[in-house]
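The values are calculated or read from the model by the stated rules, or taken from the named source; none is laboratory data. Only a predicted model underlies this, so the values are computations on that prediction, with no experimental measurement involved. For neighbour counting, all protein chains shown are included, and Cβ atoms are generated from backbone atoms with ideal geometry for every residue, glycine included.
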């Protein structure tokens, strides 16, 4: 089932207008691979994985190649990822916790409303004390690196508990 959901997500991303835009410069180091990277807000958001076999941890970065504004290494206990199945689609997300904030990068596809129909939504949102303080939709294709295979490979916790609940903020959906 998860493979089917991943297939739906990949197919939907390939059909979106954002997929036609050139990929942005990612913010990953030379020894890292971008697993999620897109233009968002006034910068680029990247989630980077180690290239080396046996490497550990994801890193979250936001900013521009010449000036990274925010960086969070995925220290043990501060990062989690999960896939979620929806009727007609699904989602994959990775969440970083740092300094009282939660940074969530995600890709999702589903039937969100009668007027929207089946659509993909992708981006990053930031929460503090349970409230969304920033929501940035991707303006380019973030890639298809997020998912159960990545989480297993890097031993990213995927536990399902109240802290890991995933809800896409309303402001992420097209109007």
Seminar exercise, completed: By residue number, the members of the range 53-73 that are over 18 Å from residue 153 (Cβ atoms) and at pLDDT below 90 are 72
Exercise. How many residues are out of contact with any helix residue (DSSP H, G or I) (no Cβ under 7 Å at 6 or more places or on another chain), touching a residue at least 60 places away in the same chain (Cβ under 8 Å) and not in a strand (DSSP E or B) if we restrict to the range 105-143?
Worked result: 2
Seminar exercise, completed: Residues of the range 144-156 being touching a helix residue (DSSP H, G or I) at 6+ places or on another chain (Cβ under 8 Å) and in a loop (DSSP other than H, G, I, E, B), in sequence order, are 144, 147, 156
Exercise. Residue 80: closer than 30 Å to residue 118 by Cα and modelled with pLDDT of 85 or more, yes or no?
Worked result: yes
Exercise. Does residue 117 satisfy the criteria of being on the phi > 0 side of the Ramachandran plot, over 10 Å from the mean Cα position of the chain (by Cα), modelled with pLDDT under 85 and surrounded by fewer than 20 Cβ atoms within 10 Å (Cβ to Cβ)?
Worked result: yes
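Yes/no matrix, rows are residues, columns are (1) modelled with pLDDT of 95 or more; (2) touching a helix residue (DSSP H, G or I) at 6+ places or on another chain (Cβ under 6 Å); (3) not in a strand (DSSP E or B):
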{"residue": "29", "(1), (2), (3)": "no, no, yes"}
{"residue": "37", "(1), (2), (3)": "yes, no, no"}
{"residue": "46", "(1), (2), (3)": "yes, no, no"}
{"residue": "75", "(1), (2), (3)": "no, no, yes"}
{"residue": "91", "(1), (2), (3)": "no, no, no"}
Seminar exercise, completed: Inside the range 159-168, the number of residues satisfying the requirement of being surrounded by 14 or more Cβ atoms within 10 Å (Cβ to Cβ) and either part of a loop (DSSP other than H, G, I, E, B) or at pLDDT 85 or above (or both) is 2
